[in-house]
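Notes follow once the structure below has been shown.
The values are calculated or read from the model by the stated rules, or taken from the named source; none is laboratory data. Here the structure is a predicted model, which means the values were calculated and not measured. Every residue, glycine as well, gets a Cβ built from its backbone with ideal geometry; the counts of neighbours run over all protein chains shown.
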Amino acid sequence: MNRLTSKQRKFVYLAGIVLLAVPIMLLGRPSAGQQSAGGKIAQLRQEHGLGEATLGDVDPSSATMNLVLLGLRGVATNLLWMDAQDASKKKNWGRVRANVDSIILLQPHYTKVWEFYGWDLAYNVSVEWDAVPDRYFWVKEGAKFTIAGTKRNQKSADLNYHTGTLFGKKIGRSDEWRQFRQYFRSDPDEQFEGGPDPDLNRDNEDNYLVAKTWYQAANDRERTNGQHVMATVLFRQYPAISMLDYPDALQREGKFGDVTRIAWSEGFDFLTDDFGKERFVTEYARNPGVFIEAEPEDVEAMALENESQPEFIRKDIVSLQQLCNYVSRRARSRIEATPEMVDAHRNIYEGQQKFKEGKVNRREIDGEDRPSEAQEQLELGMRQFDGLFKANPSLIRNQEAMEEAIMAVVYWHQIHVLNDLAPPEEFPLSYFYARNADLYRELRGQFRRENSF
Amino acid sequence: MPFNPEPFELLEALKIFSYVFLGTTALVFITMSLIALGARGKSGPGMVLRQVWSGIRELTEISLRRVAAIATLTYRESVRRKVLLVFVLFAVLFMFAGWFMGDSGAERPDLEVQFHVSFVLRTISWLMLPVVLLLSCWGLPEDIKARSLHTVVTKPVRRSEVVLGRMLGFASIGTLVLMVMGVVGYIWIQRQVPDGAREMLVCRVPVYGEIAFTDRDGDISSGTNVGFEWEFRKFIEGGTKARAIWKFDGITADAADEEGFLLFESRFEAFRLHKGDMSQTLLCVFNLYNEDETLRASTPAFPLDEFGHNLTRIDRRLVAYDTKTNESVTVDLFDDLAENGTLIVKAQCVDAGQFLGMAQSDLFVRLKNRSFLSGFVKSISGTWLMMVLVVIISVMASCFLKGPIAAMLTFTFIIIGEGFREFMETLVSFQFTGGGPVESIYRMVTHMNIQTKMDESIGAYAMKGIDSVLIGGLWLVQHIIPKFDHFSRLSQYLPNGFDVSWSAALLPCLATTLAFIFPCVLVGCYSLKLRELESK
């Protein structure tokens, strides 16, 4: 039996509480900035960068929610995730969005959630809608969601990369890319009064230039915190790729002249001077690594810096260049900046437009039987392309350039079909056509879809 | 709406109620008589009969005054137990709800309204139900434990009056709490919904028709499945004879708006087989027919606003094609096309190679809007009916079980009634392969595939016979558990911007609650009569 009185027992309890409180205080004392590092837990948190504030912006509602749920936030997240999937199945998009918002309140630093649902909203939910402005709305929702993720997770390079991908690939390469690119600068939502959505494009720039900014931010984060998306050399090249995609998209839209030539030139400079001079650690160059835009004397210097052999360094550089298709991109951007290439693009584009306008029948000029307007313009462009390919063999390895050239051949062939004429054996680009039969067949399908054949 | 509202069949429900009530009563009586026969010999069944008779007499002699007194006592006791503290939690939730909802990101007014309204309705029911469940389940067992019930039963108060009084008392405190929450919730919605979405705070009043489909050759079909996991909508192919056909009844001139137009609202889903013209959404046309389909009028093709509210206004004066005379004639929508109140609408997709998805509730005649307040009151009434049902079941359970077990039983009823009804219906309607329990065991033991047919043997017939009896028992159990999914369906009307339908939503909830009052009072009354109060 306990022989202590009630009062004595209370004193014992009090003493116990004080005794237990001492280690708790020592362990859990908060950090007071530079004056004090705080208790052991605060020090560990600081050392491993696990504090809420060090990970990203602090959302008070998120912190409240986590406190209220005690240890059950994992369970709550699972339930919300299942409900979001069910809502998605039942096409209740409002419920999907509300559930996703709740999930990220509970687990703001689980970057896969941001990545998955940003992609889900922009890709899966958007295609469920038939009207292109509706689709664009959900692409924006996905982008806004991922941007919010980058703010809450300021150490994650992956989320910045995925945001750049949404602006670059989703807006610039979807089936609806023409409308998306237009909406990016002139939002269909009336509240923006014909301007862009400021949450995404405050300075009314091209989507590829905005993507470039996000990719650059991703690279900045990657240099200190790493990334989990792809090989470093591929990851770092995306700002340069965006710089090259920008004039390419302008050309796809039929915009030619100084604007594209200058953009290609700037893209070339960025590719060679910025990306080309980035250092990468390789098998034979551990410290400080190699850059891939290197002259022979640079190779010698890098071998000395890395305490390695020049032939090993050269091998590593070639390997990196092949991995990221550097030589082909460099060649293309250099050639694209020339007036001859701009002319070739213009002629092929205008030839295709004339085809779409129905200017495909042979005509009589001054009593002479002449090819159609579309054919003449296409042949001019094809001849220019043929010359450029032969003068610059590295351009042949460039997929975009080859696709454009072979697509011109598809149009040119179709004009012959429409005029009941057999195409001649020899024609500009016939050499490259013969070597790209698979690509021709693939592009023929695309041609039929584009022109409702 | 993610479901098709179907009118509640009251007569069918009454028939099922009678079968279940009489069947269960007979089963209980026979079981009790057999137990009594074993325990007391030949006099046993007579004792059971006397108990039944005394119970019936007790029920007929209920004094409303005494019931009201017990109810008042229950009410005061609940207040003393600080049940009203639930308001503190409620206030905290509503004070900070804006934090969590402000950043919803949904700039679409219909989604804003949906968020706010469903938040309020869900919060109220999630706060209310646990409180009344725990209160009602713990009430009587606590009284028995504290022996305060001993002083009550020594008074001239019948057990049935105690049960009824308890139910009334708990229901009245629940009603008070619900009313306050309802008023606060309504004001909160009015203040919190953004200005741009305020005009969406109305209740649309739909008149639904019955749907049928034809295939690409014009033959009756069940619609095309395009491969979506959710099979709510069926699809029709564009540029063919495939149609979705709605038959509306009761269409008179009263259905027209102030300007004499009949308003149709549709919400179809597009499914493209090829990219087609991306700058244009799919086109849809409505063809209106009279009952014998001799007159046909068509609307102009309209572009689909997918998942939105497509409104089609039909003028009263229409040019129709008369299939008897093969001539165009001018007709009156209500006098000629909907001559007997029946109007047939055939929807078609214009774009070849593309599909439009439709369900029964995706097209309706829209009558004049009702106020948001009326819909809100009806939604809260649904929550109230659910709360009363939970109180009734909880008090009944507490008459023969201790508090925690009674709470668990009621909670199980809610879970099964809400989430497992569909599964149970599949079982009792024999919509499964592999047979009933006995056949399934036989198949498992003999490693027989569920697709393999059983032999035509006596053993197989015997197994099927036993399974039928067991499934019959399951049918009874299925109906003893309330259909809580009626209540969850009712709560979906208002967030989706619809008026709460009387016949498809409120009536089934009301009927469910009413159906359980008498049986639960009866079970509670007998349980309390037979319960040994000294046993805590």
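A quick yes/no check of all residues on (1) within 14 Å of chain A (Cβ to nearest Cβ); (2) closer than 25 Å to B:G250 by Cβ; (3) among the aromatic types (F, W, Y); (4) touching a Leu at 6+ places or on another chain (Cβ under 7 Å):
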| position | (1), (2), (3), (4) |
| --- | --- |
| B:L295 | no, yes, no, yes |
| B:E327 | no, no, no, no |
| B:F334 | no, yes, yes, no |
| B:A347 | no, yes, no, yes |
| B:A352 | yes, no, no, no |
Report summary line: Residues of region B:224-271 being within 10 Å of B:L356 (Cβ to Cβ) and of a type in the set (F, W, Y), in sequence order, are B:F235, B:F268, B:F271
**Report entry** Whichever residue in region B:278-293 is of a type in the set (D, E) and on the phi < 0 side of the Ramachandran plot and, among such residues, is farthest from the other protein chains (Cβ to nearest Cβ)
**Finding:** B:D292
Query raised in the report: Considering only strands (runs of 3 or more DSSP E) fully contained in region B:162-267, which possess at least 1 residues that are modelled with pLDDT under 90?
Result: B:202-208
Query - Of all residues in region A:107-133 being among the aliphatic types (A, V, I, L, M) and buried (at least 19 other Cβ atoms within 10 Å of the Cβ), the one that is farthest from the chain's Cα centre (by Cα) - result: A:A131
Requested in this report: For region A:386-407, state whether one or more residues are outside any helix (DSSP H, G or I), surrounded by fewer than 14 Cβ atoms within 10 Å (Cβ to Cβ) and hydrophobic (A, V, I, L, M, F, W, C).
Outcome: no
Report summary line: Just one listed residue, out of B:T240, B:T214, is within 28 Å of B:F364 (Cβ to Cβ), assigned by TED's automatic domain parsing to the domain that holds B:A338 and buried (at least 16 other Cβ atoms within 10 Å of the Cβ), and it is B:T240
Query - Filter result for A:R181 (in contact with a Gly (Cβ under 7 Å, 6 or more places away or on another chain), more than 27 Å from A:T232 (Cβ to Cβ), of a type outside the set (A, V, I, L, M, F, W, C) and in contact (Cβ under 8 Å) with a residue 24 or more places away in the chain) - result: yes
Query raised in the report: Going through region A:426-451 one residue at a time, which ones are outside any loop (DSSP other than H, G, I, E, B), buried (at least 17 other Cβ atoms within 10 Å of the Cβ) and more than 30 Å from the chain's Cα centre (by Cα)?
Result: A:F432, A:Y433
Requested in this report: Report, by residue number, each residue of region B:91-119 that is modelled with pLDDT under 65 and polar (S, T, N, Q).
Outcome: B:S104
Query raised in the report: Can you tell me which residue in region B:276-300 is nearest to B:F264 (Cα to Cα), limited to those that are of a type outside the set (V, I, T) and touching a Lys or Arg at 6+ places or on another chain (Cβ under 8 Å)?
Result: B:F286
Requested in this report: Could you list, in sequence order, all residues of region B:205-240 that are closer than 29 Å to B:I251 by Cα, under 24 Å from the mean Cα position of the chain (by Cα) and within 14 Å of another protein chain (Cβ to nearest Cβ)?
Outcome: B:F232, B:R233
Query raised in the report: Does A:K155 satisfy the condition of being basic (K, R) and more than 12 Å from chain B (Cβ to nearest Cβ)?
Result: yes
Query raised in the report: (1) among the hydrophobic types (A, V, I, L, M, F, W, C); (2) closer than 30 Å to B:P7 by Cβ; (3) in contact with a helix residue (DSSP H, G or I) (Cβ under 8 Å, 6 or more places away or on another chain): which one isn't true of B:V205, the others all being true?
Result: (3)
Query raised in the report: Of the residues B:V52, B:V88, B:V83, B:V20, which single one is modelled with pLDDT of 80 or more and either in the same structural domain as B:K155 (by TED's automatic domain parsing) or under 29 Å from the mean Cα position of the chain (by Cα) (or both)?
Result: B:V20
Requested in this report: Only residues that are of a type in the set (A, V, I, L, M) and touching a residue at least 60 places away in the same chain (Cβ under 8 Å): list them for region A:366-419, please.
Outcome: A:L395, A:A401, A:A408, A:I415
**Report entry** region A:92-117, residues that are within 12 Å of chain B (Cβ to nearest Cβ) and under 22 Å from A:S174 (Cα atoms)
**Finding:** A:W93, A:Y117
Report task. Check whether at least one residue in region B:8-15 is more than 24 Å from B:D485 (Cα to Cα) and among the aromatic types (F, W, Y), and report yes or no. Result -> no
Report summary line: Of the residues in region A:230-251, those that are surrounded by fewer than 17 Cβ atoms within 10 Å (Cβ to Cβ) and of a type outside the set (G, A, S) come to A:M230, A:L234
**Report entry** Residue that is surrounded by the most Cβ atoms within 10 Å (Cβ to Cβ), among those in region A:186-211 that are modelled with pLDDT under 95 and in a helix (DSSP H, G or I)
**Finding:** A:F192
Query raised in the report: Got a number for residues in region B:187-201 being surrounded by fewer than 17 Cβ atoms within 10 Å (Cβ to Cβ) and touching a residue at least 12 places away in the same chain (Cβ under 8 Å)?
Result: 3
Query raised in the report: Quick check: anything in region B:265-276 without any contact (Cβ under 8 Å) to a residue 40 or more places away in the chain and either in contact with a strand residue (DSSP E or B) (Cβ under 9 Å, 6 or more places away or on another chain) or small (G, A, S) (or both)?
Result: no
